[in-house]
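Working notes, beginning with the structure itself.
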Amino acid sequence: MKYNLTKDLIFFDLEATGLNVMRDRIIQIALIKYPKDGSEPEELEMLINPSMIITEEAMKVHGISPADVANKPTFPQVAQKIYDFIGDADLAGYNSNRFDVPMLMEEFDRAGFDFDVSKRRLLDMARIFYKMEPRTLSAAVKFYTGKKMENAHDALADVRATIAVFDGQLKMYEGRDYEDGDGNITEAPIRNDIQVLHDFTNDLRHVDVTQRLKYDINGEIVFNFGKYQNQSVAKVLWKDRNYYNWIMNKEFSVQVKRTVEKIFKEHEKKMRNA
């Protein structure tokens, strides 16, 4: 299918040593880029040495063993190539907002790259699927394409399956409205429009993909966890500097830390100039 693009669009998938986006490491990455000019898609796929143990649970899922990646490059060695391939593209995947995107951000940060997603649109086929037809990726392939998925949990196969699901979703839900549990209706949200799909597949109340920060009804960023739940980030950090230091030194995502740091510095400057 030809997508209506204003920026390049990259579908991607990761396989990893485990499920913790901050502690675990990428062992396989696959990306398929659809250029905005409509030219032929480009592919990039590679195995990566994580320099750490691959959990038994993870190996049961993707089948990649330590021997498979022993002689492969580490992420810092291939980071520039991946970074350049992605460029300023929007990102799409299956359950990518909760796993692939934050894990990729952490890996880039450790490699010394500033991988900012704030100006990228993020499409998550799982979010479309869970809202419209709750199932798994394999079931999604069968449901939307009528075909059985082959080589599940191979990153490149998963990317291709995700693209097939996306094409099927665009065709199946064309012109169909969405009604949430509260009776609110979104008019035809599944259409060939990247911005509309971004808005539909992301919870715009949350500031970061790990959902530690959110917007209140006035549009102010507040904490979504802990003892300062629902309180202004700027005001809390100004009064409790120890809490700021605690966040910056604990296991929070790069996105949370950068957002908190920016808010703190902006509020500090505002108070000093008051």
Per residue, how big is the convex hull around the C-alpha atoms of the stretch 214-274? Give it to me in cubic angstrom, could you?
84
Write out the chymotrypsin sites (Phe, Trp or Tyr not before Pro) in the stretch 170-234 meeting two conditions: DSSP loop, and at most 11 other Cβ atoms within 10 Å of their Cβ.
none
If all Cα-Cα distances of the stretch 10-75 are sorted into 10 Å bins from 0 onward, what percent lands in each bin, rounded to whole numbers?
22, 45, 22, 11, 1
Placed amide H near Q28: partners under 5 Å, 5+ positions off or other chain
E15, I48
Pairs of alpha carbons in the chain whose separation is greater than 34 Å (percent):
25
In the chain, what percentage of the DSSP-assigned beta bridges are antiparallel, given to the nearest 5?
70
Quick note, the stretch 107-235: a/c under 1.5 would make it rounded; otherwise a/b > b/c is prolate and the rest oblate (a ≥ b ≥ c, C-alpha gyration tensor); here it is oblate
Answer in debye to the nearest 20: the dipole magnitude of the chain about its Cα centre, from +1 Lys/Arg and -1 Asp/Glu charges placed on Cβ, is 920
The local net charge around H206, scoring Lys/Arg +1 and Asp/Glu -1 for residues other than H206 whose Cβ lies under 12 Å from its Cβ, equals +1
With a sphere of radius 13 Å drawn around the Cβ of S118, what net charge do the other residues whose Cβ falls strictly inside it have (Lys, Arg +1; Asp, Glu -1)?
0
Report Rg (one decimal) and Dmax (nearest whole number) for the stretch 170-249, counting Cα atoms only, units Å.
17.5, 52
Under a point-charge model restricted to the Cβ atoms of Lys and Arg (+1) and Asp and Glu (-1), what is the dipole moment magnitude of the stretch 213-273 relative to its Cα centre, in debye to the nearest 20?
200
Excluding the sites themselves, what is the longest stretch of the chain that contains no GluC sites (Glu not before Pro) in a DSSP loop with at most 16 other C-beta atoms within 10 Å?
1-149
Karplus 3J(HN,Hα) series, Hz, for the stretch 209-219 with 6.51 cos²θ - 1.76 cosθ + 1.60 (x for Gly, Pro)
5, 8, 6, 8, 10, 8, 9, 7, 5, 9, x
Quick check: net charge around N49, other residues with Cβ under 11 Å of its Cβ, Lys/Arg +1 and Asp/Glu -1?
+1
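All of the numbers you see were taken from the coordinates with simple rules; none came from a lab. No experiment lies behind these values; they were computed from the predicted model shown. Glycine also receives a Cβ, built like all others from the backbone with ideal geometry; neighbour counts cover every protein chain displayed.
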